[in-house]
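Okay, structure first, notes after.
The values are calculated or read from the model by the stated rules, or taken from the named source; none is laboratory data. The structure displayed is predicted, hence computed values, not measured ones. Every residue, glycine among them, receives a Cβ derived from its backbone with ideal geometry; neighbour counts consider all protein chains shown. Just so you know, the surface numbers come from the protein's heavy atoms only, side chains and all, with ligands and any DNA or RNA stripped out. Shrake-Rupley method; radii C 1.70, N 1.55, O 1.52, S 1.80 Å.
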Amino acid sequence: MKILVCISKTPDTTAKIAFADNNTKFVTEGVQWIINPYDEWYALVKAIELKEADPSITIHLVNVGGADAEPIIRKALALGGDEAIRINAESNDSYYVAAQIAAVAKETNYDLIFTGKETIDYNGSSIGAMISEFLDQPFISHATAFSTEGSTAIITREIDGGEETDKINFPLIVSCQKGMAEQRIPNMKGIMSARTKPLKVVEPITIESLTSVVAFELPPAKAGVKLVDADNPAELVRLLHEEAKAI
Amino acid sequence: MSILVFIDQSEGQIKKASYEAAYYGAQVASLLGTEAHAIVLGEAKEDLSILGNYGIKKVHHFSKSELNQFDAQVYSAILSDACKSLNTSVVIFSNNTIGKAVAPRLSVKLKAGLVSGAVALPELSNGFVVKKSVFSGKAFTYVSIQSNIKIISLNSNAFSIVKSTEIAEVVNFESAFPNTHINVVSTNKVTGEVPLAEADIVISGGRGLKGPENWGLVTELATLLGAATACSRPVADIHWRPHHEHVGQTGLAIAPNLYFAIGISGAIQHLAGVNRSKTIVVINKDPEAPFFKAADYGIVGDAFEVMPKIIDAVKKLKSQS
Ligand SMILES: Cc1cc2nc3c(=O)[nH]c(=O)nc-3n(C[C@H](O)[C@H](O)[C@H](O)COP(=O)(O)OP(=O)(O)OC[C@H]3O[C@@H](n4cnc5c(N)ncnc54)[C@H](O)[C@@H]3O)c2cc1C
Ligand SMILES: Nc1ncnc2c1ncn2[C@@H]1O[C@H](COP(=O)(O)O)[C@@H](O)[C@H]1O
């Protein structure tokens with residue numbers, strides 16, 4: 001079985017969010033870049049778990065990004081990917097990124113493609129479904145558990161207000177979230193071997209973007225907290241009722 | 001040209017998020033000088049003409065039992081046909097688990113640019129620009145859609161509804177659709193609770209509550225206020241509370257009217273999922289807790305002393321009204 005894991009690069013969860021050039025650019029100075037947590041903790045680690053149970057599985061990683069994405073790709077290789085493909089393009093347009101990944105995926109006919117549930121910077125939550133449409137394959141989103149039974153996958157996914165378990169034949173695309181696997185830390189052996197694992201760079205296909213980012217905006221600053229005395233919590237209830245009209 | 005709103009009732013009834021999408025779609029229609037239509041797939045469990053209350057002029061209903069079960073591949077094929085036959089220019093979804101699975105597929109089928117997680121009406125002064133939430137609620141971005149057909153999925157609670165007494169016309173819709181590849185083995189719905197993603201009020205607890213046995217302080221207040229319950233990530237990780245209650249950067253992002261945080265420090269990753277809430281109340285014994293900087297109201301105090309008094313005061317308020 002061949003698995004493709006989509007890996008994106010995002011700012012660390014504690015990164016300061018600030019914009020420059022009249023709110024048109026995200027300030028990257030001092031920002032630490034990580035593998036998008038959903039891609040790393042859930043999609044990649046789940047693929048590694050499947051490979052541990054069945055060593056005939058190969059895991060490819062794909063990233064659409066510039067050369068500055070290579071450190072996070074190497075980290076993903078250190079965790080346990082077999083080889084990686086970097087599609088040399090920078091884009092914020094989900095359609096463009098998904099088309100690139102689908103083009104690469106078509107060459108290898110993966111049985112299974114894993115993405116994260118969403119990127120923590122753009123919060124698109126759309127690239128996995130778009131890849132599925134480009135490949136005309138089924139898509140299961142928000143998976144919380146995954147196992148295989150021959151040529152069938154058994155997947156539990158979040159639905160609004162509950163869970164659903166589905167059986168579905170390969171090939172398919174799955175977006176992964178909490179529950180799928182547990183975060184791991186790369187070991188020394190993994191880090192050493194990652195240096196020599198193949199990281200292929202390919203040029204993007206020509207395809208238009210359908211959207212573009214015009215500007216950013218920070219939310220308005222809070223006016224400041226109104227503190228109520230701990231001896232008088234009823235006052236808080238009164239304020240919530242009369243002033244905030246929230247209860 | 002018209003606006004088409006996808007109404008999701010596949011899980012039993014029309015959701016609040018779909019009414020919001022309907023109302024939003026009607027507003028987009030009036031901006032563009034056209035009509036808002038809605039589409040419903042699967043057998044209806046409710047009177048669909050009430051979508052008129054939210055500004056929908058016409059409901060296209062594809063009533064077929066095979067469509068009661070959601071499958072993004074099937075739904076997007078039908079929606080694509082519908083958009084073509086109705087000459088749709090803008091399609092509206094709710095940005096929930098269903099919208100997130102269908103809208104991107106439709107985007108590829110129609111080569112229609114998608115903005116997911118919209119929080120405001122499109123701005124038309126310079127193209128077609130939609131404001132969306134990014135960086136897990138820590139910022140917004142304005143995204144321009146360049147394609148002819150445009151798709152927007154709307155964040156829940158981002159847009160308040162004004163209802164009317166209008167009634168929509170309901171017409172049948174039919175199109176061919178592919179067979180589903182998905183075989184549903186089981187569904188497990190959390191019943192009797194207010195769904196967190198749609199709740200107006202959310203009462204949330206953190207590690208400061210010391211153990212699951214103390215959650216009565218959270219659930220009692222939630223029951224009194226008709227609220228949903230939530231928790232911080234470590235609380236879900238150590239299994240004090242179920243995973244679906246975990247809010248924050250790596251959990252659910254919510255935007256209720258009132259978010260009530262008890263014994264939660266307010267780490268940046270937690271705030272990322274809740275800072276779009278309209279009013280934030282923080283109960284924490286540490287005056288230096290970072291959450292107070294993001295709060296509207298707060299009490300510096302011990303939750304075990306403060307909460308019972310708050311619950312009493314709410315009971316009193318409820319008995320008066
Ligand atoms: C990549 C990453 C992603 C993350 N994603 C998330 C996420 O999605 N959601 C999330 O919540 N966290 C997330 N975290 C974890 C986050 O950094 C914090 O560790 C977590 O939110 C802390 O939870 P807490 O506030 O419940 O616990 P603590 O930090 O332990 O805080 C407990 C608070 O309770 C107060 N307290 C104690 N006793 C009482 C009392 N008797 N009465 C009143 N107050 C009391 C304390 O003063 C303290 O402020 C993430 C972390 C990382 C690194
Ligand atoms: N530039 C990228 N390269 C590779 N995979 C990506 C990229 N961007 C997003 N993805 C994948 O698509 C998922 C959803 O991203 P998004 O639709 O942007 O929220 C992510 O969790 C990744 O698995």
Can you list the DSSP H helices in chain A whose Cα atoms extend at least 20 Å along the helix axis and whose mean Kyte-Doolittle hydropathy is 0.0 or higher?
A:94-108
Computed FRET efficiency, Cβ-Cβ of residue A:235 and residue B:190, R0 30 Å: what is it to the nearest 0.05?
0.30
Please give the helix B:97-110 orientation as an angle from the longest Cα principal axis of chain B, in degrees from 0 to 90, rounded to the nearest 10.
30
Sort all Cα-Cα distances of chain B into consecutive 10 angstrom bins from zero, then give the percent of pairs in each bin up to the one containing the longest distance.
6, 25, 29, 23, 14, 4, 0
Charge dipole of the protein assembly as shown built from unit charges on the beta carbon (Lys, Arg +1; Asp, Glu -1), centred at mean Cα; most positive-end Cα among B:48, A:98, A:153 is A:98
Structure-based [θ]222 nm, chain B - -39500 (n - 2.57) summed over DSSP H runs of at least 4, per residue, nearest 500
-8500 deg cm²/dmol
Sulfur and carbon atoms: percent of accessible area, the stretch B:196-320 [1.4 Å]:
53
Can you tell me the equivalent ellipsoid semi-axes for the stretch B:231-321? Use √(5λ) from the Cα gyration tensor, largest first, whole Å.
22, 15, 14
Based solely on its DSSP helices, what 222 nm [θ] is calculated for chain A when runs of n ≥ 4 H residues each add -39,500 (n - 2.57) and the sum is averaged over all residues, nearest 500 deg cm²/dmol?
-6500 deg cm²/dmol
If one takes the longest principal axis of the Cα atoms in chain B, at what angle in degrees, from 0 to 90 and to the nearest 10, does the Cα axis of helix B:16-32 lie?
50
Which of B:177, B:292 is most accessible, then next, and so on - probe 1.4 Å:
B:177, B:292
In nm², what is the average projected area of the convex hull enclosing the Cα atoms of the protein assembly as shown?
25.9
Rounded to a whole number, the mean other protein chain Cβ count within 10 angstrom for residues of A:138-145 is 4
What is the gain in length, in nm to one decimal, between residue B:87 and residue B:68 on full extension, counting 0.36 nm per residue of separation less the C-alpha to C-alpha distance?
4.3 nm
Averaged over residues of A:201-212, the number of beta carbons from other chains lying within 10 Å of each residue's Cβ is 4
With the cut-off at 31 Å, tell me which of the pairs A:51/A:117; B:15/B:309; A:178/B:132; B:189/B:285; A:9/A:226 have Cα atoms farther apart than that.
B:15/B:309; B:189/B:285; A:9/A:226
Any idea of the accessible area per residue across the protein assembly as shown, 1.4 Å probe, to the nearest Å²?
40
With an 8 Å cut-off on Cα pairs and a minimum separation of 6 or more residues, tell me the relative contact order of the stretch B:196-320 in percent.
23
A convex hull over the alpha carbons of the stretch B:81-200 yields, per residue, a volume in Å³ of 195
Degrees, to the nearest 10: B:72-86 long Cα axis against longest axis of chain B
50
In debye to the nearest 20, the charge dipole size for the protein assembly as shown, taken about the Cα centre with +1 at each Lys and Arg Cβ and -1 at each Asp and Glu Cβ, equals 580
Using a ≥ b ≥ c from the Cα gyration tensor of the stretch B:27-84 (square roots of the eigenvalues), is it rounded, prolate or oblate, where a/c under 1.5 gives rounded and otherwise the larger of a/b and b/c decides, a/b for prolate?
oblate
Could you compute how much accessible area chains B and A hide from each other, both sides summed, with a 1.4 Å probe? Nearest 100 Å² is fine.
6800
